[in-house]
Amino acid sequence: DAVVVVVVASNLKRNLLLFTEIKDLGLPTIVALNMMDVAQQHGLETNVAQLQKELASPVIPVNARNGSGVASLKFALNKL
């Protein structure tokens, strides 16, 4: 079992608060980083590798509109 925390890339600060609360419970947690296209339209760039390193959890970019990244998310879930 694992927790997938879906965060909006354009508002990471607010969304990562929930992630930290879940991670503090000791549950295996994956971050699904959604809406990166919207963040880029607002001039925001996210270094996924650095974020993954800082959170010590997998961070998987996904796009709920077109389904991209879902296969990577499933793969990450299977690795936990």
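All of the numbers you see were taken from the coordinates with simple rules; none came from a lab. Not measured: the values here are computed from a predicted model. Heads up, the Cβs are rebuilt from the backbone with ideal geometry, glycines too, and the neighbour counts pull from every protein chain shown.
For segment 41-80, which trypsin sites (Lys or Arg not before Pro) are in a loop by DSSP, counting at most 10 other Cβ atoms within 10 Å?
When the trypsin sites (Lys or Arg not before Pro) of segment 41-80 are filtered for loop state and at most 10 Cβ neighbours within 10 Å, Arg65 remain.
Give me the mean projected area, in nm² to one decimal, of the convex hull enclosing the Cα positions of the chain. Kindly include the intermediate steps, with their values, before the conclusion.
Working: hull surface 20.2 nm².
The orientation-averaged projected area of the Cα hull of the chain comes to 5.0 nm².
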